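Taking it in order: structure first as structure tokens, then the write-up.
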Amino acid sequence: MKLIVGLGNPGSEYAGTRHNTGFRAVDAFAKSLRGISQCRRWHGMATEAVFAGEKVFILKPMTYMNDSGRAVAAAIRELNPQWEDILIVFDDIALPLGTLRFRRRGSDGGQKGMLSILQAVGHQELPRLRLGIGADSLLIPREFVLQPFAQQELALVEAMLAEAAKAINLWMYRGITEAMSRYNGQVEISEQF
């Protein structure tokens, strides 16, 4: 059993913002699944499905980014997964736009949703997939992450989301070591975008 958590903010006003890249990446992955059922659960929207014969839960916390730990802790309490079977997917302003970066464990790196999760679980042993959204030196980070992507960035964002879905797929099949080896780096824009 696997638990994949995409971070973002609920509500249409946040849908296209940089901070909702985690939501969009897990939605892209969910399109590849069969036998999907969705419901409100664990303070969020939960998708349950089967992937290669294994049950997978995808959680999008509806608690707002800075309180994501409450939703993740509720899911972990009920499901009791192994730590290596959890993947947190979120935006990261420290990475250039279009970069994917898996990590096996570590600090929150300044991402408030991840901080909330690490505080809720009480350790840093959570695998994660960081999605580079770039940074703007003219805006404070809180303002920047709530901005939509610029028109000239959209092709790279779509390519990154498609690669993120493939990366999650590989993580599901082969684990984080192989996912790190294959996907840590800058996404190339293919002809299809």
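The values are calculated or read from the model by the stated rules, or taken from the named source; none is laboratory data. Being a predicted model, the structure only gives us computed values, none of them experimental. Cβ coordinates were reconstructed from backbone atoms using ideal geometry, including for glycine residues, and neighbour counts include every protein chain displayed.
Selection of region 37-51 for residues being assigned to a strand (DSSP E or B), hydrophobic (A, V, I, L, M, F, W, C) and within 23 Å of Q82 (Cβ to Cβ) yields A46, A49, V50, F51.
Scoring G110 on the criteria (1) surrounded by 13 or more Cβ atoms within 10 Å (Cβ to Cβ); (2) not polar (S, T, N, Q); (3) not in a helix (DSSP H, G or I) leaves a single failure, condition (1).
Scanning region 52-69 for residues that are surrounded by fewer than 19 Cβ atoms within 10 Å (Cβ to Cβ) and closer than 15 Å to L79 by Cβ gives E54, K55.
Going residue by residue through region 168-185, is there one that turns out to be modelled with pLDDT of 95 or more and within 25 Å of Y14 (Cβ to Cβ)? Yes, region 168-185 has at least one match. Being within 20 Å of L100 (Cβ to Cβ), polar (S, T, N, Q) and either touching a residue at least 24 places away in the same chain (Cβ under 8 Å) or part of a loop (DSSP other than H, G, I, E, B) (or both), is that true of even one residue in region 52-65? No, that holds for no residue. The one condition from (1) out of contact with any strand residue (DSSP E or B) (no Cβ under 9 Å at 6 or more places or on another chain); (2) in a strand (DSSP E or B); (3) not hydrophobic (A, V, I, L, M, F, W, C) that R77 does not meet is (2). In region 130-144, is there at least one residue being closer than 15 Å to V26 by Cα, of a type in the set (F, W, Y) and not in a loop (DSSP other than H, G, I, E, B)? Scanning region 130-144, I find no residue that is closer than 15 Å to V26 by Cα, of a type in the set (F, W, Y) and not in a loop (DSSP other than H, G, I, E, B), so the answer is no.
Filtered by the rule that a residue be of a type in the set (G, A, S) and under 21 Å from R24 (Cβ atoms), region 70-113 gives A71, A75, A94, G98, G109, G110, G113. Residues in region 174-187 that are over 13 Å from I86 (Cα atoms) and in a helix (DSSP H, G or I): R174, T177, E178, A179, M180, S181, R182, Y183.
Filtering region 92-99 for residues that are in a loop (DSSP other than H, G, I, E, B) and free of Cβ contacts under 8 Å to residues at least 24 places away in the same chain leaves an empty set. For region 119-141, what are the residues that are closer than 18 Å to I76 by Cβ, in contact with a Lys or Arg (Cβ under 6 Å, 6 or more places away or on another chain) and in contact (Cβ under 8 Å) with a residue 40 or more places away in the chain? Across region 119-141, the qualifying residues are E125, P127, R128.
If you go through region 142-178 and pick out every residue that is buried (at least 16 other Cβ atoms within 10 Å of the Cβ) and touching a residue at least 40 places away in the same chain (Cβ under 8 Å), you end up with 20. Being in contact (Cβ under 8 Å) with a residue 24 or more places away in the chain, surrounded by fewer than 17 Cβ atoms within 10 Å (Cβ to Cβ) and either of a type in the set (A, V, I, L, M, F, W, C) or assigned to a loop (DSSP other than H, G, I, E, B) (or both) is a condition met by at least one residue of region 15-24.
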